[in-house]
Structures are given as C-alpha cells and as structure tokens.
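Remarks on the structure that follows.
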Amino acid sequence: MARNTDSIVKRSRRLGLVLGKEKFARRRAYPPGVHGPKQAKMRPRMSAYGEQLREKQKAKALYGILERQFRNIFVKASGSKGNTAEMLVRMLEMRLDNVVYRLGWAKTRRQARQMVGHGFILVNGESVDIPSFMVGVGDVIAVKETKLEKPLVKMIPETMKLATMPKWLVRDDKALSGKVTALPEGEDLDQGFAPTLIVEFYSR
C-alpha cells in the first residue's frame, strides 16, 4: 500500500495534478527526487511535442485510462460533430466510473472503477459492470440494493459530504441514485489539462 501511495504522490507532483491525497500532491513545487529543486531551475523550456505529451499524460492519469483506450476515445471524439477538444473531455466525464466518482459515491476514480467492476451499479435499472460504459442524458444511475451492506457503500454518506456535484448531475442521497440531466459544458470541461494540446498531439 505504501509503495502504491508513493507512486501516486510522485506522479501527482510530476504532472502537477492531485491523483491521491492533496496534502501529498501539493507538498512541493518541484519534481520528485533529491535533485528536484535544482532540476526546477535548470530544466530547459519544454518543446511543443513535450507539452502536448504532458497534457495527454495528465488526462490519462487523472481518469486512470491506458493509452489504447484513451486513443479510442479521441478517435470517437474527432469523429463527432462539434469541437474535438470539448468532445474529448465530455466523453471522459461521461464514463460510468467517472459519473460514480462525480456523484460522490467513491473517494477516487479508482475506487469508482472498483465499484462498477464488482457489480455495485445499475444504469436505468440494469446492472452494468463496465467502467468505460458511456452514460447519456436522462440515464439514471443507482447503487444496487443487494450491495447496501458492503463496506464501500456504507462509506458513501461520508464521501458525499466531500464531493462537489457538477451541474449536469442531480443526486438523491437517500435513494443512492443520480441522474444525468445535461451534457457537461463550460467550467465542467475544465479539468486541469489542455485538451487542445492533446488534439494537436494526435493530429501530428
């Protein structure tokens, strides 16, 4: 567990994102390692390719997605009508594991993926155990009644207190259900990375 936490902390600091506990991720304003402060001063300006790659790495780390799956999402986004950068973030946000996280039912997206993968979640009354499942406007997401006594579910009331609900979701705390009422847009698409640079990366 400690080794895994250390890895998350290092990735958080390297990418400038909060991937685990914020008190670790925000601890230092320089890269991990004993030479971190010196590297921060001596590091040359990043190339355009390096900046594009970094933003892609940020997005993948934030949502916990591997390269092949991330690229597939980009391909779908680029084939959709509208701005590709906006569509990319929207598709990432509307993955079922992310929606479970946004509803405040899990402390992290990793925990949300665990809940989905272990069959805790219903979509429109049907069991869905695929974290990458894409929800749509009008879909109702709920926790299975048969899972209410599980430790992860018993933690949800406390977890919900810490969650900031996006505008495109509504939640029924007592029923442990939520509904997608709109598409993510505006500030909901600002997730700490530059999607336009990711589009440029894949469009080279």
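Bear in mind that the values in this text are calculations on the coordinates, not laboratory data. The structure presented is a predicted model; accordingly, all values stated were derived computationally and were not measured. A quick note on method: Cβ atoms are made from the backbone with ideal geometry, for glycine too, and the neighbour counts reach across all protein chains shown.
Out of all the residues in the range 135-152, which are touching a helix residue (DSSP H, G or I) at 6+ places or on another chain (Cβ under 7 Å) and either under 18 Å from Thr181 (Cβ atoms) or touching a residue at least 40 places away in the same chain (Cβ under 8 Å) (or both)? Reasoning before the result, please.
Let us first name the residues in the range 135-152 that are touching a helix residue (DSSP H, G or I) at 6+ places or on another chain (Cβ under 7 Å), namely 135, 141, 143, 147, 152.
Within the range 135-152, Val135, Ile141, Leu152 qualify.
When the residues of the range 162-180 are narrowed to those that are surrounded by fewer than 13 Cβ atoms within 10 Å (Cβ to Cβ) and in contact (Cβ under 8 Å) with a residue 12 or more places away in the chain, which ends up farthest from Asn124 (Cα to Cα)? Result: Leu162. Those helices (runs of 4 or more DSSP H) of the range 109-175 in which 2 or more residues are of a type in the set (S, T, N, Q) occupy 109-117. Does Val137 satisfy being under 22 Å from Met91 (Cα atoms) and touching a strand residue (DSSP E or B) at 6+ places or on another chain (Cβ under 8 Å)? Here the answer is yes, as Val137 does meet what is asked.
Going through the range 91-108 one residue at a time, which ones are among the basic types (Lys, Arg) and touching a strand residue (DSSP E or B) at 6+ places or on another chain (Cβ under 9 Å)? Those that are among the basic types (Lys, Arg) and touching a strand residue (DSSP E or B) at 6+ places or on another chain (Cβ under 9 Å): Arg95, Arg102. Among all residues of the range 76-93, there is at least one that is within 18 Å of Lys179 (Cα to Cα) and aliphatic (A, V, I, L, M).
Look at the range 70-94: where a residue is β-branched (Val, Ile, Thr) and a partner is surrounded by 15 or more Cβ atoms within 10 Å (Cβ to Cβ), sitting 6+ places away or on another chain with Cβ atoms under 7 Å, you get Ile73/Leu88; Ile73/Met91; Ile73/Leu92; Thr84/Ala77; Thr84/Val199; Val89/Leu189; Val89/Gln191; Val89/Pro195.
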